[in-house]
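See below for the structure under consideration.
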Amino acid sequence: MRWRRAADWLGDVGWRFAATATSGAVRQQQQLQPQKKLGLKDVQHIVAITSAKGGVGKSTTAVNVAVAMATRLGLRVGLLDADIHGPSIPTLMNLRGKPELDKTGSQALMLPKENYRVKTMSFGFFLEGDEPVVWRGPMVNNAFDKMLFGTEWGRLDILVVDMPPGTGDAQINLGQRIPLSGAALVSTPQDVALIDVRRGAQMFLKMRVPLLGIIENMSSHTCSRCGHVEHIFGVGGVERAARDYGVEVLGEVPLHVDIQSKSDAGTPVVASDPRGALAASYTQIAERIVARLQQLGPSQPAAPKISVE
């Protein structure tokens, strides 16, 4: 199957996939220590764009915020797609094909693809068509580690990580392996989304990852004919959640057809219409994330070890 060819390709460049959960855990621990910095050695901040709820627009938000940081704020930015099972960053960033390799060091490192001044890595680069990735936890974790540590990111001010939904392997894997500078939560305004977002916030707090704030996505819709503003998913929920956790609302992004159409075309609104109102919303979020990182400073406490009994 094609997804097996992706595993074979990663294995050929020095990353072996575990066959069982036990061997996978042991092998990850063996590999982690010498490889922990590798491609990350010159990355200053790592920020997770996350939500325990699916379908709230994390990937679209991560892409536009990353592009805003690079093109509007002039920062050196990377973007990592942490969703192994459902990678969408290649479509959103209009990037395709397997990455090239840098074999000049002791271990071959993958060279990230780049568009809109953002260095990008995704497991979607190794897949063809719409065949699913039928992998369990250990293989997913190994692939994630390879993309994180085995990519030659170079000097970056910020590495933005587009997290998959949930509070499982991917989130714990990232939180335990590297000192995250912080996590920005994405939510739509309705309670059914905020319930899971609150769970995600609790998870990051338990891992001692600072909460940078909450992004309200699809906050309202403005009729293109009459200009009437409708809060389709309700109002006030994100503000209440932010107050409960002592963080700010980083910004509000409206529900707008241009975000959808330009995302599907691989031309994020921040890049395609940089002076428009939609781009301004994402740029404001990017500015507030950067300001929060500056407040927190460069060093964060080490993440705790999470065990399942």
Around I232: net Lys/Arg minus Asp/Glu count, Cβ-Cβ under 15 Å: -4
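Would you mind calculating the relative contact order of the range 55-108 from Cα pairs under 8 angstrom and at least 6 residues apart, reporting the percent as a whole number?
Computed over the range 55-108, the figure is 27 percent.
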With +1 at each Lys and Arg Cβ and -1 at each Asp and Glu Cβ, the charge dipole magnitude of the range 181-274 around its Cα centre, to the nearest 20 debye, comes out at 360
Could you do me a favour and compute the accessible area per residue for the range 148-271, 1.4 Å probe, result in Å²? 41
For the range 128-183, with only Lys/Arg (+1) and Asp/Glu (-1) charged at the beta-carbon, what is the dipole magnitude about the Cα centre, in debye rounded to 20? 300
What Kirkwood hydrodynamic radius do you get for the range 88-211 when you take the inverse of the mean 1/r over all pairs of distinct Cα atoms, in Å? 16.3
Taking N as its residue count, the alpha carbon Rg of the range 120-279 over 2.2 N^0.38 Å: 1.18
Can you give the % of DSSP beta bridges in the range 153-309 that are antiparallel, to the nearest 5? 20
Out-of-range pairs (alpha-carbon distance over 29 Å; input K58/K103; K53/K146; K58/K98; K53/K262; K103/K262; K113/K206): K58/K103; K103/K262; K113/K206
Counting only residues 5 or more apart in sequence or on a different chain, those whose built amide H sits under 5 Å from that of H45 are I158, L159
DSSP-loop trypsin sites (Lys or Arg not before Pro) across the range 122-196, with at most 15 other Cβ within 10 angstrom: R136, R155
Based only on Cα atoms, what Rg/Rh ratio does the range 44-141 have, Rh being taken as Kirkwood's radius? 0.97
Net lengthening on full extension, A291/L101 (0.36 nm per residue, minus Cα-Cα): 64.9 nm
Ordering R208, R288 by accessible area with a probe of 1.4 Å, largest first, what comes out? R208, R288
Over all alpha-carbon pairs in the range 36-82, figure out the percentage whose distance exceeds 13 Å. 62
Given Cβ point charges of +1 (Lys, Arg) and -1 (Asp, Glu) and nothing else, what value in debye, to the nearest 20, does the dipole of the range 146-305 about its Cα centre take? 540
Can you check what the net charge comes to around R199, using other residues whose Cβ is under 12 Å from the Cβ of R199 (Lys, Arg +1; Asp, Glu -1)? +2
For A241, what is the net charge nearby, where nearby means another residue's Cβ is under 15 Å from its Cβ and Lys, Arg count +1, Asp, Glu -1? -2
Considering amide H positions built from the backbone, and no H for Pro or chain starts, which residues 5 or more places from G251, or on another chain, come under 5 Å of its amide H? E216
Can you list the residues of the range 230-251 with backbone N under 11 Å from a point 7 Å past the Cα of I195, pointing along Cα to Cβ? none
For L255, L194, the accessible-area ranking with a 1.4 Å probe, largest leading, is L255, L194
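Which GluC sites (Glu not before Pro) in the range 57-139 sit in a loop by DSSP (not H, G, I, E or B) and have at most 14 other Cβ atoms within 10 Å of their own Cβ?
E100, E128
The values are calculated or read from the model by the stated rules, or taken from the named source; none is laboratory data. What you see is a predicted model; the values in this text were computed from it and never measured. All Cβ positions, even for glycine, are placed from backbone atoms using ideal geometry, and neighbour counts span all protein chains on display. Remember, those area values only see protein heavy atoms, side chains included, never the ligands or the DNA or RNA. Shrake-Rupley method; radii C 1.70, N 1.55, O 1.52, S 1.80 Å.
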